[in-house]
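See structure below.
The values are calculated or read from the model by the stated rules, or taken from the named source; none is laboratory data. Not measured: the values here are computed from a predicted model. Positions of Cβ are generated from backbone atoms using ideal geometry, with glycine treated the same way; all protein chains shown enter the neighbour counts.
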Amino acid sequence: MERRKILLGSGAALATVLAGCSSTETGEEDPDDGDDHDDGDDHDDGDDHDDGDDGVPGLDDDDLESDSDVMTVMEVDHEDDRLYVRSRTDTTDPDVLSMELETVAYDVAAAVTDADRFKAEVSEVEWVLEYEGSHVLGVFVNVEWIVDYLEGELTEDELAKKVLESKEQ
């Protein structure tokens, strides 16, 4: 019994010592690792555009939102010449969803910051609407429609009609 207490006590003491040794706290407030090297790379590339890590040129991904109460943008992805937008809905009412999809092109147009750069990188937007993880509806928006709308060559009604005609279920 005495030997068991000694073993348990020494094991606890060893664990306490090891825990203290592995701590990164050394009492110094600001440890100096000795690496104060300046690589001298203070280069300005002259590009004033937002170089997002995977952003779409000419589009502010953060502004790509829906003003809808029943549709929320979940993911924006750019692959090859296509922009994929995955959104979630809280309804399956076909009339409500059709009205929501009319606004998809406006939502993309509102996020475009440079129409020429956007048009050079993206030819089509695929907007998919999901309900509880299942595909409900999708539309394909030709970037030319968005650019024409931005340039005043298409009205809101004409743009909405084109988007609804591209609807697939």
Of the residues in the stretch 67-109 that are hydroxyl-bearing (Ser, Thr, Tyr) and in contact with a strand residue (DSSP E or B) (Cβ under 6 Å, 6 or more places away or on another chain), the one that is surrounded by the most Cβ atoms within 10 Å (Cβ to Cβ) is Ser87
In the stretch 69-106, anything acidic (Asp, Glu) and within 19 Å of the chain's Cα centre (by Cα) is listed as Glu75, Asp77, Glu79, Asp80, Asp81
Within the stretch 140-169, the residues that are within 26 Å of the chain's Cα centre (by Cα) and of a type in the set (Ser, Thr, Tyr) are Tyr149, Ser166
Of (1) over 18 Å from Thr72 (Cβ atoms); (2) touching a residue at least 12 places away in the same chain (Cβ under 8 Å); (3) outside any helix (DSSP H, G or I), Ala160 fails just (3)
If we ask which residues in the stretch 54-66 are of a type in the set (D, E, K, R) and crowded, with 17+ Cβ neighbours inside 10 Å, their number turns out to be 1
Selection from the stretch 146-163 of residues surrounded by 14 or more Cβ atoms within 10 Å (Cβ to Cβ) and more than 13 Å from Glu102 (Cα to Cα) yields Val147, Asp148, Tyr149, Leu150, Leu154
task = Confirm whether Asp42 is under 15 Å from the mean Cα position of the chain (by Cα), more than 25 Å from Val147 (Cβ to Cβ) and modelled with pLDDT under 55.
result = no
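Residue-by-condition table, conditions (1) of a type outside the set (Val, Ile, Thr); (2) more than 22 Å from Asp81 (Cβ to Cβ); (3) modelled with pLDDT under 95; (4) in contact with a strand residue (DSSP E or B) (Cβ under 7 Å, 6 or more places away or on another chain):
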residue: Ala111; (1), (2), (3), (4): yes, no, yes, yes
residue: Trp127; (1), (2), (3), (4): yes, no, yes, yes
residue: Glu132; (1), (2), (3), (4): yes, yes, yes, no
residue: Gly138; (1), (2), (3), (4): yes, no, yes, yes
residue: Glu156; (1), (2), (3), (4): yes, yes, yes, no
residue: Ala160; (1), (2), (3), (4): yes, yes, yes, no
residue: Ser166; (1), (2), (3), (4): yes, no, yes, yes
residue: Gln169; (1), (2), (3), (4): yes, yes, yes, yes
*asked:* Is it the case, given these coordinates, that Val108 is within 17 Å of Glu65 (Cβ to Cβ) and of a type in the set (A, V, I, L, M, F, W, C)?
replied: yes
